[in-house]
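First the structure, in the form of structure tokens, and then the observations on it.
Read the figures in this text as sums done on the coordinates, not as results from a lab. The structure presented is a predicted model; accordingly, all values stated were derived computationally and were not measured. Because the Cβ atoms are built from the backbone with ideal geometry, glycine has one as well, and the counts that use them run over all protein chains shown.
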Amino acid sequence: MWEPLLPLLADKYHLIAPDYPGFGNSSAPPPSDFTYTFDNIAGVIGEFTAKLGLTDYVLFMQDYGGPVGFRMALAHPERVRAVMIQNAVSHQQGLSPLWEARRKYWADPAHELEALKANFTSLEATRQRHLGSSPHPERYDPDTWTDEYAFLTRPGQPEIQTTLFLDYRTNVASYPTWQDWLRKTRPPMLVVWGKYDPSFAVAGAAAYRDDVPEAEIHILEAGHFALDEATDEIASLVRDFLARLDGHKD
């Protein structure tokens, strides 16, 4: 999902966008060989950054990147220069009504599995994750959701995704801890939020200002994957934010 943005920043910044275990081009061992939890994924990415010798960085977090990034920040707060958020939730008010079915799955995974698949991993759910409530569906490339659906239906993926999603409940339980870290450290923060996201409500963006009053928040005419529609706008906001972080104008 980061491909459209990276070329617009790469002339000036060192950019690293790893695929998590079980995602993209990274290995996808079965759950019998790797325990798919957000703690474990954050641990793997933490080891990855250590291997690269990264000791000073800005976190850019989207969706699952939020739970991973906040775990990394709490593990090594001294490494985090700033935080950028794009439709990544750490407040209850950011969870839309779609999460009612997902909470039922957390409470009773054996009986709610099929309902979760319809809500989360079906072709229609994947399509809606991209389109959301956008008034301009014609702007979207259908490959964005058909490619994602092809990934979600690869051998072994349904079990990986439903196993990891069961662990998502630990993220919701961790929201107060993440909020406390934000309030205590008040890192420089940029929030860009696609307002047509069907899963993460705009209230989730505004809530960051309760933790970091100086947070810079921009609500965009875009969806959950805001780069699908607002690549240039996000690139401009990111470049301006990072330039000010560095103490000079881009």
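Annotation: for a label point projected 7 angstrom from Cα along Cα→Cβ of residue 117, residues of segment 19-36 with backbone N closer than 19 Å are 30-32. Here the Karplus relation 6.51 cos²θ - 1.76 cosθ + 1.60, evaluated at θ = phi - 60°, turns the backbone of segment 202-216 into coupling constants of 4, 4, x, 6, 4, 5, 5, 6, 5, 8, 10, x, 7, 4, 9 Hz, with x for every Gly and Pro.
Taking a straight line from the alpha carbon of residue 104, these lysines sit under 26 Å away, with near neighbours fewer than eight places off in the same chain left out: 117, 195. Annotation: amide H-H contacts under 5 Å for residue 60 (H modelled 1.01 Å from N, sequence separation of 5 or more, or interchain): 84. For 96, 32, 26, the sequence from fewest to most other C-beta atoms within 10 Å is 32, 26, 96.
Give me the Kirkwood hydrodynamic radius of segment 79-155, using the inverse of the mean 1/r over all pairs of distinct Cα atoms, in Å to one decimal. Result for segment 79-155, one decimal place: 14.7 Å. Coordinate range of the alpha-carbon atoms in segment 176-241 per principal axis, descending: 34, 28, 14 Å. Residues in segment 45-61 carry Karplus couplings, in order, of 5, x, 5, 4, 5, 5, 4, 7, x, 7, 10, 7, 8, 9, 8, 10, 10 Hz; the curve used is 6.51 cos²θ - 1.76 cosθ + 1.60 with θ = phi - 60°, and Gly or Pro positions show x.
Sorting the segments 168-180, 120-132 by their residues' average number of neighbouring beta-carbon atoms within 10 angstrom, most packed first, yields 120-132, 168-180.
Highest GNM mean-square fluctuation among 12, 104, 117, for the chain modelled with Cα contacts below 10 Å: 12. Ranking of 236, 27 by neighbouring Cβ atoms within 10 Å, starting from the fewest: 27, 236. Using the alpha-carbon positions of segment 35-94, Rg (one decimal) and Dmax (whole number) come out as 11.5, 37 Å.
Once the mean of 1/r is taken over each pair of separate Cα atoms and inverted, segment 146-191 shows a Kirkwood hydrodynamic radius of 13.3 Å.
Pairs of Cα atoms under 8 Å, at least six residues apart: use those to get the relative contact order of the chain, whole percent.
Numbers: 350 pairs, mean separation 59.3, N = 250.
24 percent.
When the convex hull of the Cα atoms of the chain is projected onto a plane and the area is averaged over all directions, what value comes out in nm²? For the chain, the mean projected area of the Cα convex hull comes to 13.1 nm². For the peptides 193-199, 38-44, residues were scored by their other Cβ atoms within 10 Å and the scores averaged per peptide; the highest-first order is 193-199, 38-44. Coupling constants for segment 86-93 follow from the phi torsions by the Karplus curve (6.51 cos²θ - 1.76 cosθ + 1.60, θ = phi - 60°), and in residue order they are 9, 6, 10, 9, 9, 9, 4, 5 Hz; glycine and proline get x. The amide H of residue 218, built 1.01 Å from its N in the peptide plane, has 191, 192, 193 as neighbours under 5 Å, considering only residues 5 or more places off or on other chains. For segment 1-147, the calculated P(r), taken from all Cα-Cα distances in 10 Å bins from zero up to the bin holding the longest distance, is 9, 30, 39, 20, 2, 0 percent.
Distances between placed amide hydrogens fall under 5 Å for residue 95 paired with 201, all partners being 5 or more residues away or on another chain. Under 26 Å of direct C-alpha separation, and excluding same-chain neighbours fewer than eight residues apart, residue 51 reaches these lysines: 12. The fewest-to-most ranking of 145, 2 by surrounding Cβ atoms within 10 Å reads 2, 145.
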